[in-house]
Amino acid sequence: QVQLVESGGGLVQPGGSLRLSCAASGSIFNFVTAAWYRQAPGKQRELVAHIAGITTGGSTYYTDSVKGRFTISRDKSKNTVYLQMNSLKPEDTAVFYCNCIRNGFPLYPWGQGTQVTVSS
């Protein structure tokens, strides 16, 4: 089974930035839609952003609450997907997960996620 490993989380002050990385055990990110999700305490897991596969143009999507602040990208040579997060807010505090999606469904088991805490 594909292993997903998220990293890059941590404690940051409001207004700060973090870049999350998602590495996979195989080259799975180039040709399918890659996505970032987050799950805040007491909340449902929500889709944050996704980037389409190379064959479909690599278009991006962001949920309204992060639009203009977060950027999803991929590095083909490293088989890695990134989430650059700027202007972080306390309400961004959550465990962030990555996955690949097809027709709205996650394709692989969830990894451990990476904790993002935004607090002064």
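A 1.4 Å probe run over the chain, with the rest of the protein chains in place, finds 53 Å² accessible per residue.
On region 20-81, 49 percent of the accessible area sits on carbon and sulfur atoms, based on a 1.4 Å probe. With R₀ fixed at 25 Å, the C-beta to C-beta distance from Gln112 to Ala52 puts the FRET efficiency at about 0.45. How high is the FRET efficiency from Lys43 to Ser77, r the C-beta distance, R0 25 Å, rounded to 0.05? For R0 = 25 Å, the calculated efficiency reads 0.10. 3J(HN,Hα) along region 93-107: 4, 4, 8, 9, 10, 10, 6, 9, 10, 9, 6, x, 9, x, 8 Hz, from the Karplus curve 6.51 cos²θ - 1.76 cosθ + 1.60 with θ = phi - 60°, whole Hz, x for Gly and Pro.
3J(HN,Hα) couplings calculated from phi for region 65-77 with the Karplus curve 6.51 cos²θ - 1.76 cosθ + 1.60 (θ = phi - 60°) are, in sequence order, 5, 10, 4, x, 10, 10, 9, 9, 8, 9, 10, 4, 5 Hz; Gly and Pro show x.
Largest first, the residues Trp110, Trp36 sort by 1.4 Å accessible area into Trp110, Trp36.
Given +1 at the Cβ of Lys and Arg, -1 at the Cβ of Asp and Glu and no other charges, the dipole of the chain around its Cα centre is 140 debye to the nearest 20.
Between Ala94, Ala40, Ala49, the residue with the greatest mean-square fluctuation in the GNM of the chain (Cα pairs under 10 Å linked by springs) is Ala40. Absence of a disulfide-compatible partner, taken as no other cysteine beta carbon within less than 4.7 angstrom, is noted in the chain for Cys100. The trypsin sites (Lys or Arg not before Pro) of region 38-106 meeting both criteria, a DSSP state outside H, G, I, E and B (loop) and at most 11 other C-beta atoms within 10 angstrom of the site's C-beta, are Lys43, Lys67.
Using the Cα coordinates of region 1-61, the gyration tensor eigenvalues translate into equivalent-ellipsoid semi-axes of 23, 15, 13 Å, sorted from longest to shortest.
The fraction of Cα-Cα pairs per 5 angstrom bin, counted from 0 for the chain, comes to 2, 12, 24, 26, 20, 10, 5, 1, 0 percent, rounded to whole percents.
The values are calculated or read from the model by the stated rules, or taken from the named source; none is laboratory data. Note that the structure is predicted; figures quoted are calculated from it, not measured. Reconstructed Cβ throughout: ideal geometry from the backbone, glycine too, with neighbour counts over all protein chains shown. Ligands, DNA and RNA are excluded from the accessible area calculation, which covers all protein heavy atoms including side chains. Shrake-Rupley method; radii C 1.70, N 1.55, O 1.52, S 1.80 Å.
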